[in-house]
Amino acid sequence: MAPAVLREELTCPICLSIFKDPVLLRCGHNFCLGCIEKVLRTQDILSVYICPLCSKRFTNRPALQRNLKLCNIVGVVFPTHQGTHSGVFCTYCILSPVPATKSCLHCEASLCDAHLRVHSKSEEHVFTEPTTSWGNRKCSIHKKLLEYYCTEDAACICASCSLAGEHRGHQVELLNEASEKKKQKLIDVLQKLTTKREKTEKRVQSLKSSWCNTESHRADFCGAEKGDNEDSERDDKQVPAGEDLGEGLISVTLYRGLADIVTDIKKRLYVQVTSDILLDVNTAPNTVNVSGDLKTASWTELNQEWAESSQRFTDNVPQVLSTRSFSSGQHYWEVATSEEGEWGLAVCYPSIERQGDASELGKNNKSWALYGNKNKCTVVHNTIISPLSHCLSCDRVGILLDYEGGRLSFYELSDPIKHLQTVTATFTEPLHAAFWVGLHARVSIMT
């Protein structure tokens, strides 16, 4: 069987399966033909084409060139993969890889047709489609098969969970029966998706028209900006609310429209898809509590007694950074804010100071922040405070970062979406997402 490293190299970054008809983009990255075609069809709406791996932008729809060498390598390493094979092989065929027909959850083994005939004679074995994800099919506490669905907690459980565990006394259903009900609900949702998609596309077209109507104004604005750049580097400029009717607002509107559709589906599935932005506990002071899923930061009176770290902010600076940073491409994330207290959403360089008033987000030349509460909102950079004209009418904020373009935009995710402010700067270091929480405040990175 192929080594894990080789298998990883032959895996499509979109579907996470072995390449099927691999094609090559001009940026050098490979994808399954079917996978990248789906992505490009989505991008056709805006006529903006971006590599899903490195975020490289293409002026025109990129031509897809079949990677014959990679295709041949896949054929040699996984000779049966060119058909409908799942990529899972029989556990007992040790001399040569043979495609698995079924997997036994009881034995945690995959079987070819020959071994399956012998294996099927015992009633205790439970079969499923070929898989290697055994942990997803067994209870993490009792190590038994997940056979039931707890309707009260919306969780898949084993028999021990139902009889003696934390789900004892709860209403449960057989997993197969619950699955069929979920599928029927999903079918009902899918019937409504076409209408939602059409509404989203109409909104995008409306925004495109608004953008064409403001081209003259934008040209004047850009010309003035260009003249300024002839004397000094572009830095710390702000685009007021209402003047960002271009690609940023269209992209966020399209994202939100599609997100609404996806959310309807996600609510009816067992699987939860999470964002890859997580909070770095090594930067959190003792006055900031970080949730177990590393998605929520909140102010706390209880000393968190975090371990010593050179990256940690001092207790009088209640803020935390993300674990990952952005050094290229366009990135978008959403944050839910609390009604109580004051909060701050920002990006900053990793070289930001970790102690003193100058280390707070926005109070230095290494961070750009949006601060808000129920009464006001302000954008702050290098101690310069720029009040916004109105307060937020909802508790969600979208942040759009264009690293190469030097633009950081904040959006109020109301209906319709409102552009709050865009700051322009020349970014010289990687940027971390950053979050500040005042007395009784809380912020959560949305999934």
(request) Return a yes/no flag: does region 325-334 have any residue that is in a loop (DSSP other than H, G, I, E, B), open to solvent by less than 10 Å² (accessible area, probe 1.4 Å) and either in contact (Cβ under 8 Å) with a residue 40 or more places away in the chain or in contact with a strand residue (DSSP E or B) (Cβ under 9 Å, 6 or more places away or on another chain) (or both). (result) yes
(message) Can you tell me which condition residue 23 does not meet? The list is (1) of a type in the set (Val, Ile, Thr); (2) open to solvent by 30 Å² or more (accessible area, probe 1.4 Å); (3) in a strand (DSSP E or B), and all the others hold.
(response) (2)
(message) Out of everything in region 153-196 that is under 32 Å from the mean Cα position of the chain (by Cα) and of a type in the set (Ser, Thr, Tyr), what residue ends up being nearest to residue 138 (Cα to Cα)?
(response) 179
(request) Assess whether residue 42 counts as being open to solvent by 30 Å² or more (accessible area, probe 1.4 Å) and under 19 Å from the mean Cα position of the chain (by Cα). (result) yes
(request) Pull up region 390-443, narrow it to residues that are of a type in the set (Lys, Arg) and under 16 Å from residue 335 (Cα atoms), then point me to the one that is most open to solvent (accessible area, probe 1.4 Å). (result) 442
(request) Could you check how many residues of region 145-195 are in contact with a helix residue (DSSP H, G or I) (Cβ under 6 Å, 6 or more places away or on another chain) and open to solvent by 80 Å² or more (accessible area, probe 1.4 Å)? (result) 1
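The values are calculated or read from the model by the stated rules, or taken from the named source; none is laboratory data. Predicted, not measured: the structure shown is a model, and the values here were computed from it. Every residue, glycine among them, receives a Cβ derived from its backbone with ideal geometry; neighbour counts consider all protein chains shown. Side chains included, ligands, DNA and RNA excluded: accessible areas come from the protein's heavy atoms. Shrake-Rupley method; radii C 1.70, N 1.55, O 1.52, S 1.80 Å.
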